[in-house]
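Derivation of every value follows stated rules applied to the coordinates shown; laboratory data play no part. All values derive from a computational prediction rather than experimental measurement. Heads up, the Cβs are rebuilt from the backbone with ideal geometry, glycines too, and the neighbour counts pull from every protein chain shown.
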Amino acid sequence: MTSLGTANNPLRVAIVGSGPSGFYAAQHLQKQPDLVVQIDMFDRLPTPFGLVRGGVAPDHQTIKSVTKLYDKIAADPDFRFYGNVEVGKDIRHDEMAQFYHAVIYAVGAQTDRRMGIPGEDLIGSHAATEFVGWYNAHPDYRERQFDLTQERVAVIGNGNVAMDVIRILAKTYDELKTTDIADYALEALKQSKVKEIYVFGRRGPAQAAFTNPEIKELGELADADIIVRSEEARLDPLSLEDLERNHDPMAEKNVAILQEFARRTTSATGKLRPPRTRRIHMRFLASPVELIGTEHVEKIRVVRNELVLGEDSSIRAKATDWEQTIPVGLVFRSIGYKGVALPGLPFDDKAGIIPNENGRVMNGTTPVTGAYVVGWIKRGPTGIIGTNKPDSVESAEMLLQDMRGEKLSNPGTPTREALEHLLSIRKPNWVSYADWQVLDRIEQAMGMAADRLRVKFSRVDDMLKALAERKAAKEPTTGD
């Protein structure tokens, strides 16, 4: 038999999901010398890039420039993109083994964690992921409604996603109009009545999960003041000892920024400037225990925490008897993401990940032949875009190790022709990477006409219609 990974017997790999972790896994496989590998990447949306397109804030365009690298990966002649194809629906998970020696799952963490408190399901209580998807023109969230007539909003959590939500709520129309924020979201935010934004973190400044640039940006907004209470910015003995022992530069800088905000809040000179339209109240050592209202959110009840050492020596929040009720009409929870189980694969419901050893999917102590994971479905929702690269390399190395050990799947029809024959029956309107590049050019052209960076498509039907019209006009679907 011809060795796997040669011109006569190429290694066939499917990657389910087109976010950063999937592209980095593809890149590592492409870099292997003397290995012929065909990579087919699937996404249920017609557009690639996952959270880079649908999650990164529209005012963070520098971060989105990473897609230029992904374009280069996709330009490899042995790479294919199958957009608008949902694995598990249009093609079953168990069918993938007919076409591929290995499948890498890069599906992310698709749901949000709940707070588990009374009133969480009241009208006006939302997951931050819904709002993020809405303002980023993600088709899943296009029709969501958020009551921006409310003057007082609560954001639960202090990670980077929470900071994004706060920033978008607090920015002016002029600050947002030059970005690629969804056109309907831009108009809705232009009419926003939001004035007070309360941000609740259960632990102190030293334990905050946001990065330095994210918190620093809140102090640079054109028409919003950031308010930090001096007593909450002051570190308790446990936090001081932890910082001295671990010397975490990120945490140390966060504390310094927040303490500067606290000085700015109490400074007499700060009162000399004209008052700003919006105020961001950063509250630490505070946890929500109830959302109050008859049909919709009217108030939030929070308890003050103190920091204690847990059994594992980690710093934990412990509730005290002190409580406060604050009037708010809109709540966004941003306390983490959780993965979703996939048919035919094991799943750790508590951790929200697919069980794995260094990226190799495990069913108990037994490896699942030809199945690998990367990104958040592998390790949980931690890290930034760059964190995915070493994570994906590790998983790809497990795949290569199994190839050398002849431990991959043995597909019956390992050809693109066989796959595309199946798709022609089940999903004939699948979208290629060249098709995506046409959509990309159309969005940029619409943006130029509106004096904006781009105007995004937010409905799958509109994307497919635009492609059909271009094809009918016989425009080539190749990249420039």
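Please report the net charge: other residues with Cβ closer than 13 Å to the Cβ of Glu357, K and R +1, D and E -1. List each step's numbers first, then the result.
Working: positive: Arg360, Lys378, Arg379; negative: Asp348, Glu394, Glu397, Asp402.
Local net charge: -1.
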Item checked: Read-out Cα extents along the principal axes in Å, derived from the coordinates shown; its label in (i) 63, 60, 45; (ii) 76, 67, 53; (iii) 78, 57, 41 -> (iii)
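Please report the relative contact order for the chain, taking Cα pairs under 8 Å with a sequence separation of at least 6, and give it as a percent rounded to a whole number. Intermediate values should be presented prior to the final figure.
Values: 935 pairs, mean separation 103.7, N = 480.
Once normalised by length, the contact order is 22 percent.
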Notebook entry, point to check: Amide H to amide H, which residues 5 or more places from Ile91 or on other chains are under 5 Å from it, using H placed in the peptide plane?
Noted result: Glu86
Checklist line | Cleavage-rule hits (GluC sites (Glu not before Pro)) in region 198-245: DSSP loop, at most 14 neighbouring Cβ within 10 angstrom | finding: Glu220
Next item on the list: Determine the shape class of region 208-316: with a ≥ b ≥ c the square roots of the Cα gyration tensor eigenvalues, call it rounded for a/c under 1.5, and otherwise prolate if a/b is greater than b/c, oblate otherwise.
Entry: oblate
Checklist line | Among beta bridges that DSSP assigns inside region 114-335, antiparallel share in %, nearest 5 | finding: 40
Next item on the list: Can you find, among Tyr24, Ser65, Ala182, the residue farthest towards the positive end of the dipole of the chain? Put +1 on the C-beta of Lys and Arg, -1 on that of Asp and Glu.
Entry: Ala182
Check: Here are some pairs, Lys89/Lys378; Lys193/Lys299; Lys195/Lys318; Lys31/Lys72; Lys378/Lys407; Lys350/Lys456; which of them have Cα atoms lying more than 24 Å apart in this structure?
Finding: Lys195/Lys318; Lys350/Lys456
Next item on the list: Search the structure for amide H atoms under 5 Å from the amide H of Ile15, placed 1.01 Å from N in the peptide plane, and list their residues when 5 or more places away or on another chain.
Entry: Asp40, Met41, Phe42, Ile104
Next item on the list: Pull up all non-local amide H partners of Asp225: gap of 5 or more, or a different chain, and H-to-H distance under 5 Å with H placed in the peptide plane.
Entry: Arg278, Arg279, Ile280
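For region 105-173, what class follows from the C-alpha gyration tensor (a ≥ b ≥ c being the square roots of its eigenvalues): rounded when a/c is under 1.5, otherwise prolate if a/b is larger than b/c, else oblate? Mind dumping the intermediate values first?
Working: a/c = 1.42, a/b = 1.13, b/c = 1.25.
It comes out rounded by the Cα gyration axes.
From the square roots a ≥ b ≥ c of the eigenvalues of the alpha-carbon gyration tensor of region 1-119, which class results: rounded (a/c under 1.5), prolate (a/b over b/c), or oblate?
Oblate shape, in that a/c is at least 1.5 and b/c is the bigger or equal ratio.
Of Met250, Met362, how do they rank once you tally other Cβ atoms within 10 Å and put the fewest first? Can you show the working numbers first?
Values: Met250 12, Met362 16.
Listing Met250, Met362 from fewest to most nearby Cβ atoms yields Met250, Met362.
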Note to self: Could you tell me which residue out of Ile257, Pro237, Phe146 lies farthest along the dipole of region 114-335 toward its positive end? Charges go on the beta carbon: Lys and Arg +1, Asp and Glu -1, centred on the Cα centre.
What the structure shows: Ile257
Check: From the backbone phi of region 64-80, what are the Karplus-calculated ³J(HN,Hα) couplings (6.51 cos²θ - 1.76 cosθ + 1.60, θ = phi - 60°) in whole Hz, Gly and Pro given as x?
Finding: 6, 5, 4, 5, 4, 5, 5, 4, 5, 5, 5, 6, 4, x, 9, 9, 9
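At a 10 angstrom cut-off on C-beta neighbours, averaged per residue, how do the peptides 207-213, 53-59, 196-202 rank from highest to lowest?
Ranking the peptides 207-213, 53-59, 196-202 by packing returns 196-202, 53-59, 207-213.
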Next item on the list: Filter the GluC sites (Glu not before Pro) in region 395-457 to those in DSSP coil with at most 16 other Cβ atoms within 10 Å of their Cβ, and list the result.
Entry: Glu406
Next item on the list: Kindly put His28, His421 in sequence by how many other C-beta atoms sit within 10 Å of each C-beta, fewest to most.
Entry: His421, His28
